[in-house]
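Down below is the structure, laid out as C-alpha cells.
The values are calculated or read from the model by the stated rules, or taken from the named source; none is laboratory data. Values in this document were obtained by computation on a predicted structure and should not be read as measured data. Heads up, the Cβs are rebuilt from the backbone with ideal geometry, glycines too, and the neighbour counts pull from every protein chain shown. Just the protein is used for accessible areas: all its heavy atoms, side chains included, with ligands, DNA and RNA removed. Shrake-Rupley method; radii C 1.70, N 1.55, O 1.52, S 1.80 Å.
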Amino acid sequence: MAASEAQQHDGELPIACSLDATQLGERERRWSELVHAAGTTRRATADGIEVRFRAGERTEHELQQLVAAERECCAWARWELHTDDGDLVMRVHAGNSTGAATLQSMFLPAD
C-alpha cells in the first residue's frame, strides 16, 4: 500500500515507504486480493484503521505474512492482529494525524 513521505515529528519515525515500484505493486496486489477475498469491514479509527477478515487458515497465513512485511517497511505504524467473535482483526495505529490519514488512504476505498 502506497505511503506518502512526511516530516518526522517529536522523535517519531518518518512516514515513508521503503519499497521500490515493483515491490509496492506486488504488495498492493496481495492486500487487494486478501481484502476482496476475505475482508468483511474496513473503518477509520482516530489513529489509523481497522480491517476485519473472515477467519480461515489461508487468510490467516496471508494476513500474518503481509503484516510482518508491513512491520518492516512501515515501522512508523503499529500493526496488530487478533481475533474477535471469530473474525481476524487487523488494527494499525499511527502516532500522528498524518500517519493516520496515510493508513486510511492505504486501506479505505476512495469516496
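(1) more than 17 Å from Phe107 (Cβ to Cβ); (2) open to solvent by less than 70 Å² (accessible area, probe 1.4 Å): which one isn't true of Asp85, the others all being true?
Only one criterion is unmet by Asp85, namely (2).
Among the residues of the stretch 54-82, count how many are open to solvent by 40 Å² or more (accessible area, probe 1.4 Å), touching a strand residue (DSSP E or B) at 6+ places or on another chain (Cβ under 6 Å) and within 26 Å of Pro14 (Cβ to Cβ).
4
Is there any pair linking a residue in the stretch 58-70 that is within 21 Å of Gly99 (Cβ to Cβ) and small (Gly, Ala, Ser) to one that is part of a helix (DSSP H, G or I) and open to solvent by 10 Å² or more (accessible area, probe 1.4 Å), with Cβ under 8 Å and at least six apart or on different chains, and which?
Close Cβ pairs (under 8 Å, with a partner that is part of a helix (DSSP H, G or I) and open to solvent by 10 Å² or more (accessible area, probe 1.4 Å)) amount to Ala69/Arg27.
Which residues, taken from the stretch 37-53, are open to solvent by 40 Å² or more (accessible area, probe 1.4 Å) and among the acidic types (Asp, Glu)? Working first, answer last.
First, pick out the residues of the stretch 37-53 that are open to solvent by 40 Å² or more (accessible area, probe 1.4 Å): 37, 40-44, 46-47.
The answer is Asp47, and nothing else.
Considering only the stretch 81-104, state which residues are more than 10 Å from the chain's Cα centre (by Cα) and under 28 Å from Arg58 (Cβ atoms). Explain how you work it out, then say what you get.
Taking the stretch 81-104 first, the residues more than 10 Å from the chain's Cα centre (by Cα) are 81-89, 94-101.
Leu81, His82, Thr83, Asp84, Asp85, Gly86, Asp87, Leu88, Val89, listed by residue number.
Report every pair of residues separated by at least 6 positions or lying on different chains whose Cβ atoms are under 6 Å apart, first residue within the stretch 76-99 and acidic (Asp, Glu), second modelled with pLDDT of 95 or more and surrounded by fewer than 21 Cβ atoms within 10 Å (Cβ to Cβ).
Listed pairs, sorted by first residue: Glu80/Arg91; Asp87/Arg52.
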